[in-house]
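Report on the structure given below.
No value in this document is a laboratory result; all are computed from the given coordinates. Remember, predicted model here, so these are calculated numbers, not experimental data. A quick note on method: Cβ atoms are made from the backbone with ideal geometry, for glycine too, and the neighbour counts reach across all protein chains shown.
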Amino acid sequence: MRRLLTLAGICLLVSPGIVRATDASTAELSPSDLATWPRMRATDFGCMLEKRFGTRDARFNCASDFDRMNWGDACRDVDHYYAGPALPPAIAKTLPSPIESIDIAWEQGRMQNVSITFDRKVSEGDVEALLGLRIDGPMPDNIGSADIQDCATGKSCLVLQGFDHQGAGDLDCDAVASPETGG
């Protein structure tokens, strides 16, 4: 019988003969973690946040069943189509400089991209040193493309794309029957 106890930010996993303590308040993200996120299921991402940081998303967590969730569609149910957990600011702040912020885009329950904003201009060499990812080299299977862009004066952004965006503008939504038209 396993039990999870949380006391003042300290998680205790209690099993017969095993007690393991982790302090969720001192857990940190590693920059290299970010490269593993594209294409990740929303429920798996939420479960990672729950297990590693003690932050439980009400909808996307370890108890969620990905296959039973409504993931909407790009034409009629965009709220569900683009749904996914956010990275809490307190967790994002555990990333070291030069990482300033992280934005995540979701589509049909999978992470479409991770956008990393740096507090200064960065080079491909900086990205490789920080994330272990060669922009001009072979990509891990979960990353379709990686691109460094100028996103603000004196700042760079790195977009790690898991798959191509497919929204309403990419589909023939007018041909999709709606409840109002009876189709």
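Stretch Asp141-Lys93 to full length: gain in nm at 0.36 nm per residue minus the Cα-Cα span? If you can, show how the numbers build up before the last one.
Details: separation 48, 0.36 × 48 = 17.28 nm, distance 2.74 nm.
That pair, Asp141 and Lys93, stretches by 14.5 nm at full extension.
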Open item on the list: Just to be sure I follow: if Rg is taken over the C-alpha atoms of segment 29-175 and Rh is the Kirkwood radius over the same atoms, what is Rg/Rh?
Closed with: 0.99
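Below 11 angstrom from the Cβ of Arg120, what's the summed charge of the other residues (Lys, Arg +1; Asp, Glu -1)? Write out the running numbers ahead of the final one.
Details: positive: Lys121, Lys155; negative: Glu100, Asp119, Asp126.
Local net charge: -1.
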- [ ] Identify all lysines with a Cα-Cα distance to Lys121 below 30 Å; exclude those on the same chain that are fewer than 8 residues away in sequence.
- [x] Lys93, Lys155
